[in-house]
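Input: a single structure, listed below in structure tokens.
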Amino acid sequence: SVNADLRRERAAATFQPELLTHILDGGAERTRRRKEIEALVLNDPDFQHEDLNFLSRSQRYEQAIRKSSLMVMKLREYGIADPEEIYWFKSFVHRGRPEPLDLHLGMFLPTLLTQATPEQQDRFFMPAWNLEIVGTYAQTEMGHGTHLRGLETTATYDPSTQEFILNSPTVTSIKWWPGGLGKTSNHAIVLAQLYTQGECKGLHAFIVPIRQLGTHEPLPGITVGDIGPKFGYDEMDNGYLKMDNFRIPRENMLMKYAQVEPDGTYVKPVSDKLTYGTMVFIRSLIVGDSARSLSRACTIAIRYSAVRHQSELKPGEPEPQILDYQTQQYKLFPLLATAYAFHFVGAYIKDTYQRVSGDISTGDLSELPELHALTAGLKAFTSWTANAGIEECRMACGGHGYSRCSGIPDIYVTFTPSCTYEGENTVMMLQTARFLIKSYSQVTSGQQVTGMVSYLNELSRQRIQPQHVAARTVTMRINDPTSLVEAYKSRAARLVESAAKNLQAELNHRKSKEDAWNRTSVDLVRASEAHCHYVVVKLFTAKLAEVSDAAVHAVLTNLCLLYALFGISRNAGDFLQAGILTSAQISQVNQHVKELLAVIRPNAVALVDSFDFHDVHLGSVLGRYDGNVYENMFEWAKKSPLNKTQVHESFHKHLKPMQAKL
Amino acid sequence: SVNPDLASERQTASFCVEKLTALLDGGTEQTRIRRAVVEAIQSDPVFSRENQYFQTQNERYEAAVRKAVHLQKKMHEMGWTENGPEYKYIYRALSGDVAFLLHRVFMRSISVLGSDKQIAKWIPLATQHKLIGSYAQTELGHGTYLQGLETTAVFDTATQEFILNTPKISAMKWWPGDMGRSATHTVVFAQLYIHGKCYGIHPFIVQIRSLQDHSLCPGITAGDIGPKMNFEHIDNGYLLLKNVRIPRENMLSKFCEVRPDGTYVRQGSQQINYFTMTTVRISLISDEVLTPLMKACTIAIRYSAVRRQSKLKPGEQEAKILDYQTQQEKLLPQLAAAYAFHFVNDYLQELFNRGYGEIQRKNFDMLPELHALSSGFKAVITQQCTAGVEICLRACGGHGYSLLSGLPSLYTKIIASCIYEGENTILLLQTARFLLKCFMAANAGQPVPPSVTYLAAVKHGKCPAKNKLDFLSPDIYTEAYQHVAVRLTSSAAAKLQDLIQSGVKKHDAWNQCTVQLVQAAKAHCHYIAVKNFAETVEKLETKAGIQKIMKHLCDLFALHGIFSNTGAFLHDGYISAAQIDMVTASYLDLLAVIRKDAVPLVDAFDFTDKSLNSALGSYDGQVYQRLYEWAQKSPTNQMNPAYERYLKPLLHNTLSKL
């Protein structure tokens, strides 16, 4: 039976959670289909196993590989082919965790499709599709991640045998981190510096067999293994790869674009802009993942806070739910609002990507630079925020949050690498900044800019006035999200302008462009953050107009207001310094944030119910839908490996002898 | 050989590293003793931590027990005693990776809460490890709110026994260290009932496991609470009591006693209990909080001097990532915070020692201030150091995510400190309560403790800084911090009063002001930390370059605090918009200055490679070689059981048959 506190919370909600779930899923039909797939997986005995918290790393890897192979078979059996449906299926099978075939399915196969010649596809695609060939994508090296041009692995063409000779010339050149490389794969797409006719032609991709088909032993010249334990990703065999004069036929270079002819002549590719597309796509997935991971953490923390009672608010009365403390609401509700905001941002980028990639295939690349710049920044902005938010949720659960049974430690360690992979966040922010600065200089030279940066156009109009750019106070309507969007817009404009001016000042000082850029980079990152923050507030606000149900509209409006006002309160200095808001307005904002906490409080549990995570997927004793936390913590603990025997062997080995001696 | 990129960093140090180490240790003699202890422990293979990242929970636990047992032998061998000068360095040398830490808490609670007779009976047994103790306070349903604990101890006059029970699931003891597997005894906190009347929470010594075969005693259910984020070497446990009878003499009775006829007698002052909490909160700062941050800074800064990525200038070598302003802005404020809080810890220790002296003379006047400062700083330091370790972790990119970097385990360990010994939000509210009280008193012209006298001196001026260099003056920034602390305290006080006057009940009004009160408490601690750092710098000897570099760190600590919280300083116009630009400029300039000494500044923390246990942070900077060699030792590279079972059938064409 459901815990009485949670029952009461759900009964008091002012809206129907299913309606909100439909909005998050993109329609009632998508919700239905998602749940159908969820049931397919969760009711399948093949996908059941012991609680992963009690397994060693090797055991977790073993479970993952078992489930992955079944997953591939069943996906085909059920005929599930839509990318989003595959994503759901995989996410239910692996409960939101990575798995050893991720790189095979997500990088190896797609790269074959986009970069292999028809002949290469004939040779590799079907065996890879049938998992006779399992591949990974080996790009990152020990010494280089961010700076791709610095990769050191070499592939030297030998025209006499028509082979490439692959080498890892230094320790730092050892491939390091690729998922599925350590134990699973028998092939890898390796990125290496191509040398032919004595010249370096830059990075190219090669299909390299690494393990013997049949025995799975490493091939001669190949040293391969697992990189050891990590913070999370226990089920993933991230690996290393060292190659010593390892030869592969000429035909193993992926040659759809660049080519090396039998005599060693190098043929340049036509355009490399297309690789942008994949990056944009993957970064857009991370934005969605930020939303989902934060939503899971919020679900756990808010349900638990409704079940947990502690201390007294009023003397003589029963202990209140900890969710009734203002400090607890102040920790959790802004994060809840953030999770919703990021859901809508994720959906927006996905839609825009689909629209723009349609344009790309018809040859129109004009929107790509902005989308690329925007997703880089939003990837960093959302993953940083979610990363910190997940930890705040865990801390809000006190001691029990620290136990693995809370599920939040796992969410955190699984999520946190997304601040690093697919573009280190600071580097991403600086990419966005580069675009912002470029747009700013276009505006100052009299051109108009379009899209999300069009607010910069207003700067040139203001310049006619002698005053400081944004030194005009916004008439802020505190209950009107569109009015808050304006405030964020002014802040972004002012920080972009200030970074651009500082950059110019450094340039006047020192001349070297790179030095000036480096010495302004803290400002530049702040400008990018402000830009992203504005985009998020704007997209959340825009989403409200699409919501037809009045009750849902009301609750989402409150969340949107909380998101926007909390952001102002936290970054009050930016708004004050630029004169966008007065101190009196900031005080008003601070006060209104606290009022909103109380307004949202009755709907808090319903708002996390709307995320609609199944208990199995949530993987948390504290966040269970039925709220029966304590009895299930006890049940869970009894299964701990330390409890396998009544008297631990350490007693006989160490304790008893010591006591005998003393 | 030392990596040349790291060697070059050391050649240009502006100060004498050895002298700074001695300053941190509190004298050259202390440095010598510490190094001797570290050497003795770390040269002994039993204490090795090399395989720790590869071990399971069971293996970690066993190793910790083995180490604890071996440590007894070692101490005897070395002639170290619990009262000797070496003792405090042992834990640091072991990096805390040892069992029976709660045994000491067990002993301390008996010493503090027990009668002389009880002390005479139990302490020798515990000292000789005839029994292993734990301390069972927290329950599944209650941590923060001690009065809410649900375990019961009912006095039975007929047999002169207490009957202990766990009446419901939420009353189960949960979390106590060493209790899951090791302990034979524990101090249980329970609601005392005599003749049907409840007398509140009291401590009882309960035997839970047999001294012969370690099996559970009748009526006892106990075990391990399962895997956590860290502390895998500790068997945090649960305990369920069912009609467990213990003799009347087992209630710790220094302050309260139950007579044979069931009469309840209270004796002595309970205030000393507060003092115990204060002791614990202050004592954990150094080993549990500052050390991890210092280690994380050492690892991240050394690695950032070795790691090269991208080019700052075309045609040049790739740059050290430490040369990127954004990387400096992540790491150097954490380094400054480590130093700032080290000096706060010195300040608290000194205050504590003075307080202890007063208490010996039965003068409890200093207790409220000590309690407020230790609560507030416990919260502020654990929170900022935890955030700092996480920043260091993420600043190391992908390699930071490997356990072999040492950073994930530092992080998962330090985060627990935000919760144990008082949840941070609760502690800040305690500090805030003290601040409000003192604020009212000060404004009514009554005397208040020294750390809060500034609350009376409310000034409505403006920050006098004229250019960015002015912000390198401690007077200027200390006053700014003071101004913010006063403003936040007074506005929280005004808000609270308004609410109460408008008819809101007192407790509701308090709850509605808690977000503001937390901010005020933080501002107070931040102010004291800045002021204390500035005063410490002033007192340092000027030679050997120490004072100069400490001054830079002090400036950085102060300006970083303003830079990252400009709203608080701009709010009432104390600092102007133009002045914020000056702060930012000075702050960013300082990064470049301190950058030059970053590696020597972490070298001064003087951690051995074995203490760091990190592939990225070792003294010689041979990062990649070490990472590669260490990874090969991972158990995952010894065998692949999944291959025969799952991979082989997968690769052998099972799918193409579909």
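Quick grid of which residues meet (1) within 27 Å of residue A:412 (Cβ to Cβ); (2) over 12 Å from the mean Cα position of the chain (by Cα); (3) modelled with pLDDT of 90 or more; (4) assigned to a helix (DSSP H, G or I):
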residue	(1), (2), (3), (4)
A:340	yes, yes, yes, yes
A:349	yes, yes, yes, yes
A:357	no, yes, no, yes
A:369	no, yes, no, yes
A:378	yes, no, yes, yes
A:385	yes, no, yes, yes
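Taking residue A:192, is it buried (at least 24 other Cβ atoms within 10 Å of the Cβ), more than 30 Å from residue A:63 (Cα to Cα), away from chain B (no Cβ under 11 Å) and in contact with a strand residue (DSSP E or B) (Cβ under 6 Å, 6 or more places away or on another chain)?
Taking the combined requirement at face value, the residue satisfies it.
Looking at B:318, B:257, B:329, which is the one that is surrounded by 15 or more Cβ atoms within 10 Å (Cβ to Cβ) and assigned to a strand (DSSP E or B)?
Step by step, each of B:318, B:257, B:329 is checked, and only B:257 is surrounded by 15 or more Cβ atoms within 10 Å (Cβ to Cβ) and assigned to a strand (DSSP E or B).
How many residues does region B:56-66 contain that are more than 9 Å from chain A (Cβ to nearest Cβ) and either without any contact (Cβ under 8 Å) to a residue 60 or more places away in the chain or touching a Lys or Arg at 6+ places or on another chain (Cβ under 6 Å) (or both)?
So the answer is 1.
For residue A:147, work out the one condition from (1) touching a residue at least 12 places away in the same chain (Cβ under 8 Å); (2) touching an Asp or Glu at 6+ places or on another chain (Cβ under 7 Å) it doesn't fulfil.
(1)
Among the candidates B:126, B:171, B:190, which residue alone is touching a residue at least 12 places away in the same chain (Cβ under 8 Å), of a type in the set (A, V, I, L, M), within 13 Å of chain A (Cβ to nearest Cβ) and touching a Ser or Thr at 6+ places or on another chain (Cβ under 9 Å)?
Details: B:126 fails: touching a Ser or Thr at 6+ places or on another chain (Cβ under 9 Å); B:190 fails: within 13 Å of chain A (Cβ to nearest Cβ).
Criteria check complete, one pass: B:171.
Take residues that are within 14 Å of chain A (Cβ to nearest Cβ) and without any contact (Cβ under 8 Å) to a residue 12 or more places away in the chain and tell me which of the helices (runs of 4 or more DSSP H) falling wholly in region B:524-636 contain 1 or more. Explain how you work it out, then say what you get.
Details: elements: B:546-563, B:566-570, B:577-595, B:598-603, B:609-612, B:623-632.
In region B:524-636, B:566-570, B:577-595, B:623-632 are the helices (runs of 4 or more DSSP H) which contain 1 or more residues that are within 14 Å of chain A (Cβ to nearest Cβ) and without any contact (Cβ under 8 Å) to a residue 12 or more places away in the chain.
Regarding residue B:135, is this residue more than 14 Å from chain A (Cβ to nearest Cβ), part of a strand (DSSP E or B) and closer than 30 Å to residue A:408 by Cα?
Yes; evaluated as a whole, the condition is true for this residue.
Name the single residue that is farthest from the other protein chains (Cβ to nearest Cβ) among those in region B:265-315 being in contact (Cβ under 8 Å) with a residue 24 or more places away in the chain and part of a loop (DSSP other than H, G, I, E, B).
The selected residue is B:269.
Take residue B:37 and tell me if it is buried (at least 17 other Cβ atoms within 10 Å of the Cβ), within 14 Å of chain A (Cβ to nearest Cβ) and either within 26 Å of the chain's Cα centre (by Cα) or free of Cβ contacts under 8 Å to residues at least 60 places away in the same chain (or both).
So residue B:37 does not fit the description; no.
Within region B:413-423, can you find the residues that are assigned to a helix (DSSP H, G or I) and more than 8 Å from chain A (Cβ to nearest Cβ)?
Matches in region B:413-423: B:413, B:414, B:417.
Exactly one of these conditions fails for residue B:222: (1) out of contact with any Phe, Trp or Tyr (no Cβ under 6 Å at 6 or more places or on another chain); (2) surrounded by fewer than 19 Cβ atoms within 10 Å (Cβ to Cβ); (3) among the hydrophobic types (A, V, I, L, M, F, W, C); (4) under 14 Å from residue B:186 (Cα atoms). Give me its number.
Evaluating residue B:222 over (1) out of contact with any Phe, Trp or Tyr (no Cβ under 6 Å at 6 or more places or on another chain); (2) surrounded by fewer than 19 Cβ atoms within 10 Å (Cβ to Cβ); (3) among the hydrophobic types (A, V, I, L, M, F, W, C); (4) under 14 Å from residue B:186 (Cα atoms) leaves (2) as the failure.
When only residues in region A:492-513 that are surrounded by 15 or more Cβ atoms within 10 Å (Cβ to Cβ) and of a type in the set (A, V, I, L, M) count, which is nearest to residue A:536 (Cα to Cα)?
If we take residues in region A:492-513 being surrounded by 15 or more Cβ atoms within 10 Å (Cβ to Cβ) and of a type in the set (A, V, I, L, M), then A:492 is nearest to residue A:536 (Cα to Cα).
Among the candidates B:480, B:509, which residue alone is part of a helix (DSSP H, G or I) and buried (at least 21 other Cβ atoms within 10 Å of the Cβ)? Break it down stepwise before answering.
Values: B:509 fails: buried (at least 21 other Cβ atoms within 10 Å of the Cβ).
The unique qualifying residue is B:480.
What do you reckon, is residue A:95 at positive phi, within 24 Å of the chain's Cα centre (by Cα), crowded, with 18+ Cβ neighbours inside 10 Å and more than 12 Å from chain B (Cβ to nearest Cβ)?
Values: at positive phi: yes; within 24 Å of the chain's Cα centre (by Cα): yes; crowded, with 18+ Cβ neighbours inside 10 Å: yes; more than 12 Å from chain B (Cβ to nearest Cβ): yes.
When the stated conditions are applied, residue A:95 passes them.
Which of the numbered conditions does residue A:213 fail, given that it passes all the others? Conditions: (1) assigned to a strand (DSSP E or B); (2) surrounded by fewer than 17 Cβ atoms within 10 Å (Cβ to Cβ); (3) within 10 Å of chain B (Cβ to nearest Cβ).
Going through (1) assigned to a strand (DSSP E or B); (2) surrounded by fewer than 17 Cβ atoms within 10 Å (Cβ to Cβ); (3) within 10 Å of chain B (Cβ to nearest Cβ) one by one, residue A:213 breaks only (1).
What residue, among those in region B:40-55 that are within 14 Å of chain A (Cβ to nearest Cβ) and of a type outside the set (Phe, Trp, Tyr), is surrounded by the most Cβ atoms within 10 Å (Cβ to Cβ)?
Restricting to residues being within 14 Å of chain A (Cβ to nearest Cβ) and of a type outside the set (Phe, Trp, Tyr), the top hit is B:52.
Mind counting the residues in region A:156-174 that are under 14 Å from residue A:221 (Cα atoms) and either of a type in the set (Phe, Trp, Tyr) or outside any loop (DSSP other than H, G, I, E, B) (or both)?
4
Applying the selection to region B:192-219, what residues are surrounded by 20 or more Cβ atoms within 10 Å (Cβ to Cβ) and part of a strand (DSSP E or B)?
Answer for region B:192-219, where residues must be surrounded by 20 or more Cβ atoms within 10 Å (Cβ to Cβ) and part of a strand (DSSP E or B): B:192, B:202, B:203, B:204, B:205, B:206, B:209.
Within the group A:587, A:640, A:569, A:650, which residue is surrounded by fewer than 18 Cβ atoms within 10 Å (Cβ to Cβ) and at the interface with chain B (Cβ under 10 Å from one of its Cβ atoms)?
Exactly one residue qualifies, and that residue is A:587.
Output the number of the condition that residue A:153 fails; it satisfies all remaining conditions of (1) touching a His at 6+ places or on another chain (Cβ under 8 Å); (2) farther than 19 Å from residue B:320 by Cβ.
Condition not satisfied by residue A:153: (1).
Quick one: residue A:121 ticks every box in (1) away from chain B (no Cβ under 14 Å); (2) free of Cβ contacts under 8 Å to residues at least 40 places away in the same chain; (3) surrounded by 17 or more Cβ atoms within 10 Å (Cβ to Cβ); (4) of a type outside the set (Gly, Ala, Ser) bar one, so which box is it?
(3) is the only condition that residue A:121 fails.
The values are calculated or read from the model by the stated rules, or taken from the named source; none is laboratory data. Predicted, not measured: the structure shown is a model, and the values here were computed from it. All Cβ positions, glycine included, derive from the backbone under ideal geometry; neighbour counts span all protein chains shown.
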